[in-house]
Structures are given as structure tokens and as C-alpha cells.
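First the structure, then my questions, so here it is.
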Amino acid sequence: MTLTDLNQRFAIGNHVQFKEITDGMIIAEVANQHAIANIALQGAHIATFQPRGEEPVIWLSPHAKFAQGKSIRGGVPVCWPWFGPHKTDSKLPGHGFARTVPWEVFETKALPDGSTFLRFGLIESGVTRAQWPHPSTVQLEVTVGRALRVELVTHNAGGAAFELGEALHTYFQISDVAKTTIRGLDNCAYLDKVQDFARFTQQDGIVIDSEVDRVYINTAADCVIEDKGLKRAIRIAKQGSMSTVVWNPWTEKADKMGDFGEEGHRGMVCVESGNMMDNVVVLAPGEMHKLVAVYSVEKL
Ligand code: BG6
């Protein structure tokens, strides 16, 4: 669909319009009474979210590249239909292909409370089918209000069951890692990727002072990012998710990635709601699975 078609069919005055920001990269620009947000059609990737009168809730690297087929550093990458490396084929992209392929807009709506609702669907192609032979659909529903609500809905449209790994790989903006504690995972078991997937149990809140890359399993709990610098907490409430990933690459890895910027890792932390490793979802033919995350700001 061309930019003109998109705006004719889906733009809503005082809520959403579509813009081309670089060659072929179209974003939905959402602005309503509660918040502003930008969503790239590639990957249905929420790049920014900022409630009015607040600092941004979502972190976007100042060096993020908006380019076809490339993942955007920051925002809410959609990891689907697997998380991390592919189980059997190391040539396939980490975290699946959903975040780097085009999605289409299915629906936009102004809600009675002044929020904006948008629904996107991944466009199947030869490229996606070659990597994922299971007939299935995946949609992302986004509600931009005072809070940001994200729903990732997968449907098995084929005749055989499949295993699904997924995550909303959300980057949150914080004042500084040194002033931040992540709560909600006390007593949870986790696999520590920095220590070759060794298993540990979380004691107390998480303080980040070196590389952290952990998959917490069997947890449906809310998480809260307490930020003493911004005097706020970001609440991450979720449904349909039994894993939470906490990630900060720290200096050396961030430098190697090339799109974090100098000391960029100090101003972000990823708290990812999903299902992976022990918690992959098995979807029988005809079944639907919904992963929901809601991000809101509380005073500290
Ligand atoms: C996290 C993983 O979810 O994503 C990390 O646990 C990984 O191991 C990180 O480095 C970033 O991945 P990518 O592919 O976006 O650079």
C-alpha cells in the first residue's frame, strides 16, 4: 500500500497519520491527548512512546538505524516465532524474522477515552515461509493511551502443532543504571546467559553494574523498574507470558554493537515479556495464543 493509500484508509485526525521517514520506511505517528508514539511498519516496531508531561518511557538509541531488513536498536522489537538463536539452524536470524519484515495496517481506531488503537499483521512471503513452514498468522495490537498496551496474537492455521518462542523485547528509558532497581522477580529461577545458561534463583531486586542477560522462567509477575533519578517507576504488567528477560549489554558489548552510542547502555534496560526456553508455547491446530504487556508510569 502506498503512503497516500495508507493515509486515506487509516489516518485519523488528532490521532494517527503515516509518514515516510527514510527511503521505504513508513511510520505511524500517533499523537492524542494522552501520549505520543511512533510505530514503524517494518516489524510493527513501536519506536517511541511518551505520555504527555513525562520523559519518554521507551528508549530509542540516538544511533538507531531505520533501514529495510535491519532491526531498530530500541523501542519494542517483536521477537517471533523464536527467541534467541534458532533451535536447529544457526543461519536463521536471532529472535526470529518478525522484527525485520514488512507488516501491514489492518485497523486504526480512536477510542472513547481518547486513546488510539492500531492493529498490524505480518505479511507472509517466500522469505518468511522459507524460515517458518507452519501456516499461521500473527498480529500486533497497540493501544496508545496514558499507558501503552501491546498484544501479540498468534494463530495456528495449519494442521500440525508447532512450538512458539516470542517476546516483546522492550527497551525502557531510565536516568542511569546506577539509580535503577528492577523488582518483581524475587525468588524466581533464571538462566544466566553470561554464565553459560547456569541456573540461579533471584534474591531481592536486580541492580545492574555489569553485563546482565537473564531469562527468568515460570514467572507471570509484574515487574517494576524503580528509577530514583527520574523519581518514577515503570510498571510492566503482563498476561500470557511465563518468561521475563532482563538485559543490559554493558560497555564492551554495547560498543561492539555500534548502534548504542557512547555510554548509551547506561540510559536503558530491557525487560522483556515473553515465552521461551522452558516456557515455549505449543500451539495445536486452530489454537490461538495471546501475549499482552502493559507499560505505565507511577510516581516514586
Ligand atoms: C536479548 C538477549 O533478549 O537481546 C541478548 O537475551 C541479546 O542475548 C539481546 O544480545 C539483543 O539482541 P539483538 O539481536 O537485538 O542485538
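What follows draws every value from the coordinates through simple rules; no lab data is involved. Every value quoted in this text rests on a predicted model; they were computed, and no experiment measured them. Here Cβ is always computed from backbone atoms with ideal geometry, including for glycine, and neighbour counts include all displayed protein chains.
Looking at segment 165-179, which of its residues are closer than 24 Å to Lys299 by Cβ, touching a strand residue (DSSP E or B) at 6+ places or on another chain (Cβ under 8 Å) and not charged (D, E, K, R)?
Matches in segment 165-179: Thr170, Tyr171, Phe172, Gln173, Ile174, Ser175, Val177.
The rows are residues; the columns are (1) in contact with a Ser or Thr (Cβ under 9 Å, 6 or more places away or on another chain); (2) not aromatic (Phe, Trp, Tyr).
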residue	(1), (2)
Phe66	yes, no
Ser71	yes, yes
Leu92	no, yes
Phe97	yes, no
Thr100	yes, yes
Lys109	yes, yes
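Can you tell me which residue among Gln33, Gln17, Gln8 is more than 16 Å from the ligand (Cβ to nearest atom), touching a helix residue (DSSP H, G or I) at 6+ places or on another chain (Cβ under 9 Å) and farther than 21 Å from Ser136 by Cβ? Full working, then the answer.
On the way: Gln33 fails: touching a helix residue (DSSP H, G or I) at 6+ places or on another chain (Cβ under 9 Å); Gln8 fails: touching a helix residue (DSSP H, G or I) at 6+ places or on another chain (Cβ under 9 Å).
Within the list Gln33, Gln17, Gln8, the selection yields Gln17.
Mind listing whichever residues of segment 229-254 are outside any loop (DSSP other than H, G, I, E, B) and more than 13 Å from the ligand (Cβ to nearest atom)?
Matches in segment 229-254: Arg232, Ala233, Ile234, Arg235, Ile236, Ala237, Lys238, Gln239, Thr251.
Only one of these is of a type in the set (Asp, Glu) and under 20 Å from the mean Cα position of the chain (by Cα): Asp204, Asp255, Asp213. Name it.
Asp213
Another one. Would you check which residues across segment 206-228 are exposed (fewer than 15 other Cβ atoms within 10 Å of the Cβ), more than 19 Å from Ser243 (Cβ to Cβ) and either more than 15 Å from the ligand (Cβ to nearest atom) or of a type in the set (Phe, Trp, Tyr) (or both) and list them?
Val207, Asp209 - these are the residues of segment 206-228 that are exposed (fewer than 15 other Cβ atoms within 10 Å of the Cβ), more than 19 Å from Ser243 (Cβ to Cβ) and either more than 15 Å from the ligand (Cβ to nearest atom) or of a type in the set (Phe, Trp, Tyr) (or both).
A further question on this structure: So which pairs qualify, if the first residue must be in segment 242-262 and free of Cβ contacts under 8 Å to residues at least 12 places away in the same chain, the second must be among the aromatic types (Phe, Trp, Tyr) and within 11 Å of the ligand (Cβ to nearest atom), the Cβ gap must be under 8 Å, and the two must be at least 6 apart or on different chains?
Ala254/Phe260
Run Gln131 past the list (1) of a type in the set (S, T, N, Q); (2) farther than 20 Å from Gly43 by Cβ; (3) surrounded by 15 or more Cβ atoms within 10 Å (Cβ to Cβ); (4) within 16 Å of the ligand (Cβ to nearest atom) and report the number of the one that doesn't hold.
(2)
A further question follows. Which is of a type in the set (D, E, K, R) and either within 13 Å of the chain's Cα centre (by Cα) or within 30 Å of Asp278 (Cβ to Cβ) (or both), of Arg9, Arg52, Arg99?
Step by step, each of Arg9, Arg52, Arg99 is checked, and only Arg99 is of a type in the set (D, E, K, R) and either within 13 Å of the chain's Cα centre (by Cα) or within 30 Å of Asp278 (Cβ to Cβ) (or both).
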